[in-house]
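The values are calculated or read from the model by the stated rules, or taken from the named source; none is laboratory data. Computed from a predicted model, the values in this text were never measured in an experiment. Cβ coordinates were reconstructed from backbone atoms using ideal geometry, including for glycine residues, and neighbour counts include every protein chain displayed. With ligands, DNA and RNA removed, areas are computed over all heavy atoms of the protein, side chains included. Shrake-Rupley method; radii C 1.70, N 1.55, O 1.52, S 1.80 Å.
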Amino acid sequence: MFEKHQSVGGRVSTRREAGFVWDTGATSIAPRGKLIERVLLDELDQTGLLKIEKPIYLHEGLRVKPGFSSGTARYVHEGGIDVFASRMADGMDVRLGVSVDSIEKSGETYRILDEEFDALILSAPAPQSSLLLWNLGESRPFANVRYRSCLSVLLGYQSELPATRYHALLDVEQIHPLTWLSLESVKSPGRAPEGATAMVAQLSAAFSFAHFETDDAIILETVARFIERLYGTSFAVPAYSSVVRWKYSQPESFASFERVNRRGSKLLVASDGLLGGHVEDAFDIGTRTAQLLVEED
């Protein structure tokens, strides 16, 4: 597996700093009875795996109210959501920090960085996978796949949050810039030093698109005002803050798996643009792609 970053997982990502722990992309795993459920709850090491007990509440213009109760079980690892990705990758031949910018075809094999392979699976977002295919002289029907971007703001406060009945806030309509607020130190222990609070604020598609290149300081100042309105002056100034930019955060439209992945091909695509952007969707599409490759063998 070639991975351009220094850790596996993509948006299943965790940042650790000064005793704080933030899940910067996906903030929980909701198996929903899909293929990932058996692997997460039965096959992998369960150490540190927690079921999030508190629900998700809603907010309208930062006015908090109960009301989001899907009954969906959500899980997270105490040490960070990236523990799941690391355990999945255990025992694999993973090349970290390697960016694949081109693929060559030589007869019936594919060449990447002077190594030859009988088959390849591309798991990058559809626009990046499409570019690799294009450079190889291939095209797949990705034209209708569209993504929304997301600015994810990591916040660490030296104040302890008063008891809340929820672990996250959601603006369902995405009218307010603050679409999602994950209270990291509420959803899981071990996410902040004693007496401190960790949060992840994820901003709406419209705000993220308009401010994707905006200076961090301006984004942080805006989000800090939202948090102060929610929790008071003790949360006016974070002790730690950082902005994570997800250009391809969530697919908003999809391509057909069958049309993109032709039977008999040894070059397959497992992009989230074929099914969905949640962790459980990514697991499903990866499994389906692998099964197609094995069936052809």
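Quick notes on this one:
The rows are residues; the columns are (1) open to solvent by less than 20 Å² (accessible area, probe 1.4 Å); (2) over 16 Å from Asp272 (Cα atoms); (3) more than 23 Å from the chain's Cα centre (by Cα).
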site: Gly137; (1), (2), (3): no, yes, yes
site: Arg148; (1), (2), (3): no, no, no
site: Tyr157; (1), (2), (3): yes, yes, yes
site: Ala163; (1), (2), (3): no, yes, yes
site: Asp171; (1), (2), (3): yes, yes, no
site: Pro177; (1), (2), (3): no, yes, no
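- Leading residue by the ranking (farthest from Leu203 (Cα to Cα)) among those in the stretch 220-238 that are in contact with a helix residue (DSSP H, G or I) (Cβ under 6 Å, 6 or more places away or on another chain) and surrounded by fewer than 18 Cβ atoms within 10 Å (Cβ to Cβ): Ala236
- Of the strands (runs of 3 or more DSSP E) lying entirely inside the stretch 100-216, those carrying at least 1 residues that are within 22 Å of Arg15 (Cβ to Cβ) are 146-157, 168-170, 178-183, 197-203.
- Hits in the stretch 194-223 (condition: in contact with a Phe, Trp or Tyr (Cβ under 8 Å, 6 or more places away or on another chain) and without any contact (Cβ under 8 Å) to a residue 40 or more places away in the chain): none
- Pair list, Cβ under 7 Å, 6 or more apart: the stretch 142-171 residue at negative phi, other residue basic (Lys, Arg) and open to solvent by 30 Å² or more (accessible area, probe 1.4 Å): Ser149/Lys247; Leu151/Arg245; Leu154/Arg15; Arg165/Lys54; Tyr166/Lys54; His167/Lys54
- Residue check, Leu96 open to solvent by 70 Å² or more (accessible area, probe 1.4 Å), of a type outside the set (Lys, Arg) and at pLDDT 95 or above: yes
- Taken together, Arg245, Arg191 contain a single residue that is touching a strand residue (DSSP E or B) at 6+ places or on another chain (Cβ under 8 Å), in contact (Cβ under 8 Å) with a residue 12 or more places away in the chain, charged (D, E, K, R) and surrounded by 22 or more Cβ atoms within 10 Å (Cβ to Cβ), which is Arg191.
- Among the criteria (1) closer than 24 Å to Lys54 by Cα; (2) at pLDDT 95 or above; (3) aliphatic (A, V, I, L, M), the one Val172 does not fulfil is (2).
- Hits in the stretch 105-116 (condition: under 15 Å from Ser265 (Cα atoms), exposed (fewer than 13 other Cβ atoms within 10 Å of the Cβ) and not hydroxyl-bearing (Ser, Thr, Tyr)): Gly107, Glu108
- Check on Ser86, open to solvent by 30 Å² or more (accessible area, probe 1.4 Å), under 30 Å from Arg111 (Cβ atoms), touching a residue at least 12 places away in the same chain (Cβ under 8 Å) and assigned to a helix (DSSP H, G or I): yes
- Qualifying positions in the stretch 1-17 - closer than 18 Å to Asp272 by Cβ and open to solvent by 90 Å² or more (accessible area, probe 1.4 Å): Met1, Lys4, His5
- Contact map, the stretch 286-297: first residue modelled with pLDDT of 90 or more, second residue small (Gly, Ala, Ser) and open to solvent by less than 100 Å² (accessible area, probe 1.4 Å), Cβ cut-off under 6 Å, separation 6 or more or different chains; pairs are Gly286/Ala270; Thr289/Ala270; Leu293/Ala119.
- For Ile36: the one exception among (1) under 26 Å from Leu155 (Cα atoms); (2) crowded, with 16+ Cβ neighbours inside 10 Å: (1)
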